[in-house]
Amino acid sequence: YKRQVADTVNMTDGALSWCRWGAPDCEDNELSDGAMAEHAADILREKRTDPFFLAVGFKKPHDPFIAPTNYFKLYPLTNMVLHVDPVDASPLPPQAIAANSPLFEMDDNDKREFLRSYAACSTYVDAQIGKVFDAMDELGLWQNTIVMLWTDHGYHQGERGWWNKTMLDTYDAKVPFIAYVPEMTPGGVVSTGVVELLDIYPTLAELAGIIPPGNLEGDSFAPLLENPSTNWNGVAITHRTGGSTITGSSVFDGRYRYTEWADGSKQLFDHITDFGEWYNLSGDPAYTNVMHTLSQHL
């Protein structure tokens, strides 16, 4: 942090050092993400005659959940609504979630603090991204600049009683991803084609007219940017590891998520009827062929 934030509140009574929030009374640029946004805008304002590549990385809303107090004021604690799982949700396989975590011991007030601080941090970083985009407006860069915006993992916010990452489900593995390429696709179009973050590098290379190395694992999704409704058979694969050992692997094809755990447990969810992945279909013989097909990807 550009500014040291000493006054924070731990939501697990200190059991997990990362699980804390802070709301310092400061300007955006006194914390690292605000400083990063200003620095990125300054770089964009430098006079340029050659093409450039700029990677801008923000920390929030990653833990610890610290943002200027003005962003916390947008989210009164009393407005935070706690999630409730369906009463008939399928049980999780033993390896799917950590056992005996202090996160399960949080009371309702701590859970609401978690939701509020996560929302505050998300809005804070959204504002910083906006400052970079404001600089692009100012400089007229949208006419000839490719922009891609993505995150890493998602966070559970009470689903399955969990308040972290490292599970193999849509809350963890599916992330926000937006691509803008001048004169290629109108803004605001959603594509259902499944892509991976591994695909960003080869896509940027193709769009920039650069020949990438031949050993990349990702694939360019430039055809989806040309035509978001084009036929696309991509899948996304996610692994969960314990040290150097893979404890579970999951594949998503746009409709089904199929997961195999090292202990032999399996999960299958149909996003058409069950976007939240609550009802495990892996024991239903009607889905044997679906599971076999998806298993080939793992």
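The values are calculated or read from the model by the stated rules, or taken from the named source; none is laboratory data. Nothing here was measured: the structure is a model prediction, and the numbers come from that model. Note that each Cβ is placed from the backbone with ideal geometry, even for glycine, and that neighbours are counted across all protein chains shown. The accessibility values were calculated without ligands, DNA or RNA, using every heavy atom of the protein model including side chains. Shrake-Rupley method; radii C 1.70, N 1.55, O 1.52, S 1.80 Å.
If you go through segment 38-65 and keep only what is within 14 Å of GLN128 (Cα to Cα), surrounded by 12 or more Cβ atoms within 10 Å (Cβ to Cβ) and under 21 Å from the mean Cα position of the chain (by Cα), you end up with VAL56, PHE58, LYS59, LYS60, PRO61. A count restricted to segment 169-192 and to residues that are closer than 18 Å to THR151 by Cα and either open to solvent by less than 80 Å² (accessible area, probe 1.4 Å) or among the small types (Gly, Ala, Ser) (or both) stands at 10. For ARG112, the criteria (1) part of a loop (DSSP other than H, G, I, E, B); (2) at pLDDT 95 or above; (3) surrounded by 15 or more Cβ atoms within 10 Å (Cβ to Cβ) hold in every case but one, which is (1). Of the residues making up segment 252-298, those that are in a helix (DSSP H, G or I) and within 21 Å of GLY193 (Cβ to Cβ) are VAL290, THR293, LEU294. Filtering segment 222-236 to residues that are exposed (fewer than 14 other Cβ atoms within 10 Å of the Cβ) and either closer than 21 Å to LEU298 by Cβ or at pLDDT 95 or above (or both) leaves only ASN233.
Pairing each residue of segment 209-221 that is open to solvent by 60 Å² or more (accessible area, probe 1.4 Å) with any residue that is among the acidic types (Asp, Glu), provided the two are 6+ apart or on different chains, yields C-beta distances under 6 Å for ASP219/ASP199.
Picking from residues in segment 52-95 that are outside any loop (DSSP other than H, G, I, E, B) and touching a Phe, Trp or Tyr at 6+ places or on another chain (Cβ under 7 Å), the one that is nearest to LEU168 (Cα to Cα) is GLN95. Total residues in segment 135-154 satisfying the condition of being open to solvent by 20 Å² or more (accessible area, probe 1.4 Å) and part of a loop (DSSP other than H, G, I, E, B): the figure is 7. Of the residues making up segment 115-134, those that are open to solvent by 50 Å² or more (accessible area, probe 1.4 Å) and either closer than 27 Å to LEU281 by Cα or without any contact (Cβ under 8 Å) to a residue 60 or more places away in the chain (or both) are ASP126, PHE133.
When MET184 is tested against (1) part of a helix (DSSP H, G or I); (2) out of contact with any Pro (no Cβ under 7 Å at 6 or more places or on another chain), just one condition goes unmet, and that condition is (1).
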